[in-house]
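The structure under discussion appears below in the form of structure tokens.
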């Protein structure tokens, strides 16, 4: 159990071991560990960034969709308005046209009535002339009694 | 193996180192040989890993080495606050080397001594940590580092001041000095004796079990070996952690 020179030998061995570990073993290993740690944390950060990006993109897409929807609704409303306008317009024109036609018909009727009246007067006047001829038993000279005749026919009108 | 001198002879035989020389200049060849071989094993393993280290997916060996490195690094970071290129590799070396020494304890007590006696070597003690020289070599090296760093960090004057003026102030100088010297000296002695005592006693119990009838031995040596797995790791761990603690104390400037 004595302490002897073995101690010195062991100390030398120990020193060599520590020196070797310090020089060739520890640095590369700890460096690799640190580097991997860095890599992992970078990867995690990148993944997080990616997730954030996706969230942003989703938000953007939703926004776009909303905008498109609003626009389409706008367009539809505009089209409807335009259609209404067109319908209104055509209604107006139709009314105008109808009124015109009615006016035309009225005037035609008036005209025809006038003509009928004229005809009737002529017939009545000729009838009256004939009746007078028969009454007088003589021929009435149209030229001579033109004034009387026309006066009579105008009274008949 | 209880041939010469009965059981006492057997025990003494197992605890006698293979030595050459005389007086102080005795060399325990077995201690030197086994610790060197185990140290080489440690160096070889870690060096081979360090040579083809990759930051990608590590292999089995690298994984193990990294586990050890991280374990030691964590211990150092927990206790030692400062920059030192020495402490962590020192801790790793101590932990692995002491663990390998202690692991020799788990080999069957007679195995290597029978083999060596067949080769003509009469005495052989295979567990380096049952040799006081080995444990003291470690703890004295650590002690030298403690003194070195104390002086390096605090300066000769600062270190002297710490030795003489704490804990009771300058008026109690001789008493302080005595206290401090005992405290410092106790560090290497307790380090060395703790490891030595545990492993020596453990080995002794293995030897005693080996003296029992053969049919009884497995029932005793098996549980003791399992318990010993805990002890050898624990002792290596304690040696490392205390080294780190002592060195970080040396680094602390009051």
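Read the figures in this text as sums done on the coordinates, not as results from a lab. Just so it is clear, the structure is predicted and the values come from calculations on it, not from any experiment. All Cβ positions, even for glycine, are placed from backbone atoms using ideal geometry, and neighbour counts span all protein chains on display.
Taking residue B:57, is it over 23 Å from the mean Cα position of the chain (by Cα), within 10 Å of chain A (Cβ to nearest Cβ) and crowded, with 19+ Cβ neighbours inside 10 Å? No; evaluated as a whole, the condition is false for this residue.
The set of residues in segment B:45-68 that are within 13 Å of residue A:33 (Cα to Cα) and not in a loop (DSSP other than H, G, I, E, B) comprises B:49, B:50, B:62, B:63, B:64, B:65, B:66, B:67, B:68.
For segment A:16-33, which residues satisfy the criterion of being within 14 Å of residue B:50 (Cβ to Cβ) and either more than 7 Å from chain B (Cβ to nearest Cβ) or surrounded by fewer than 12 Cβ atoms within 10 Å (Cβ to Cβ) (or both)?
Restricting attention to segment A:16-33, the residues satisfying the condition of being within 14 Å of residue B:50 (Cβ to Cβ) are A:20-33.
The answer is A:23, A:27, A:31.
With the structure loaded, tell me whether residue B:91 is more than 10 Å from every other protein chain (Cβ to nearest Cβ) and in contact (Cβ under 8 Å) with a residue 12 or more places away in the chain or whether it fails that test. Full working, then the answer.
Numbers: more than 10 Å from every other protein chain (Cβ to nearest Cβ): no; in contact (Cβ under 8 Å) with a residue 12 or more places away in the chain: yes.
In short, no.
Yes or no: residue B:45 surrounded by fewer than 22 Cβ atoms within 10 Å (Cβ to Cβ), more than 20 Å from residue A:13 (Cα to Cα) and in contact with a helix residue (DSSP H, G or I) (Cβ under 8 Å, 6 or more places away or on another chain)?
Values: surrounded by fewer than 22 Cβ atoms within 10 Å (Cβ to Cβ): yes; more than 20 Å from residue A:13 (Cα to Cα): no; in contact with a helix residue (DSSP H, G or I) (Cβ under 8 Å, 6 or more places away or on another chain): yes.
When the stated conditions are applied, residue B:45 does not pass them.
Have a look at B:109, B:126, B:98 and point out the one that is on the phi < 0 side of the Ramachandran plot, assigned to a helix (DSSP H, G or I) and surrounded by 15 or more Cβ atoms within 10 Å (Cβ to Cβ). That would be B:98, the only listed residue that is on the phi < 0 side of the Ramachandran plot, assigned to a helix (DSSP H, G or I) and surrounded by 15 or more Cβ atoms within 10 Å (Cβ to Cβ).
What number of residues within segment B:190-211 are surrounded by 14 or more Cβ atoms within 10 Å (Cβ to Cβ) and within 14 Å of the chain's Cα centre (by Cα)?
Within segment B:190-211, the subset surrounded by 14 or more Cβ atoms within 10 Å (Cβ to Cβ) is B:191-200, B:202-211.
Narrowing further to those that are within 14 Å of the chain's Cα centre (by Cα): B:191-200.
So the count comes out to 10.
Looking at residue B:44 and the list (1) free of Cβ contacts under 8 Å to residues at least 24 places away in the same chain; (2) under 30 Å from residue B:153 (Cα atoms), which single condition is not satisfied? Here residue B:44 clears every test but (2).
How many of the residues in segment B:13-36 are part of a helix (DSSP H, G or I) and surrounded by 13 or more Cβ atoms within 10 Å (Cβ to Cβ)? Qualifying residue count for the region: 11. Residues that are surrounded by 15 or more Cβ atoms within 10 Å (Cβ to Cβ) and touching a residue at least 60 places away in the same chain (Cβ under 8 Å) within segment B:212-239 comprise B:225, B:228, B:231, B:232, B:233, B:235, B:236, B:237, B:239, listed in sequence order.
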